[in-house]
Amino acid sequence: MFFLLGTETAATAVGLTLRIRAMYLAALEDRARRLEVEHQQRVRLTAAAERSRVAREMHDIVGHNLSVMVSVADGAATLATNRREQSAEALRILGDTGRQAMDELRRVLGVLREEREHARSLSPQPGIRDLDPLLTRVRAAGLAVTYRTVGGLDALGDGVQLTVYRIVQEALTNTLKHA
């Protein structure tokens, strides 16, 4: 009886051990699959966020410069027309070409936002110290601009400086467009 009871207990223990081990391995495999899916989702989200950031940066950089060019060309065309100069038509063509380039830029950036490839920034992002060249270009376009800063600019983080730069850039672009 003792031998039979010992054999039955050992068989039950071995069976439970094997079953627990199989359940543990199944749980580990399930966890590995879930972690892989989460990793792939994180990679896709990161890539989408980076594509969106690149598209915004391209819009801000190229769109701003094209807007300035179009505004200057339109202003020069109006001035040339008022003075009855022959260059008026060429300046109108320049303005129209700039507007067409802006439309194509928007289309291309829309595609970029939907692409699956990961894009990386190859140059440093602009900051508050880069406002001087921006303001010089805007002043050359005929807009009188005055600005000043207060406090230590180096205390601001790169993200804050980029945000300030983009806000000023967008405000100047809108002012040129609608002035």
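On the beta carbon distance between T146 and K177, with R0 = 25 Å, the FRET formula returns roughly 0.80. Please work out the C-alpha center-to-center distance from segment 62-100 to segment 6-22 and express it in whole Å. For segment 62-100 versus segment 6-22, the Cα centre distance is 87 Å. Once the Cα-Cα distance is subtracted from the 0.36 nm per residue extended length, the F2 to H59 segment shows a gain of 12.1 nm.
Ignoring ligands, DNA and RNA, what accessible area per residue does segment 1-123 give at 1.4 Å, in Å²?
Value for segment 1-123: 78 Å² per residue.
What the Cβ-Cβ distance of A155 and A49 gives, at R0 = 25 Å and to the nearest 0.05, is a FRET efficiency of 0.40.
Taken over segment 1-123, the ratio of Cα radius of gyration to 2.2 N^0.38 Å equals 2.49. The share of accessible area on the chain that comes from carbon and sulfur is 60 percent, using a 1.4 angstrom probe.
Ranked by the mean number of other Cβ atoms within 10 Å of their residues, highest first, the peptides 14-22, 134-142 come out as 134-142, 14-22.
The values are calculated or read from the model by the stated rules, or taken from the named source; none is laboratory data. No experiment lies behind these values; they were computed from the predicted model shown. Every residue, glycine among them, receives a Cβ derived from its backbone with ideal geometry; neighbour counts consider all protein chains shown. Only protein heavy atoms, including side chains, enter the accessible area calculation; ligands, DNA and RNA are left aside. Shrake-Rupley method; radii C 1.70, N 1.55, O 1.52, S 1.80 Å.
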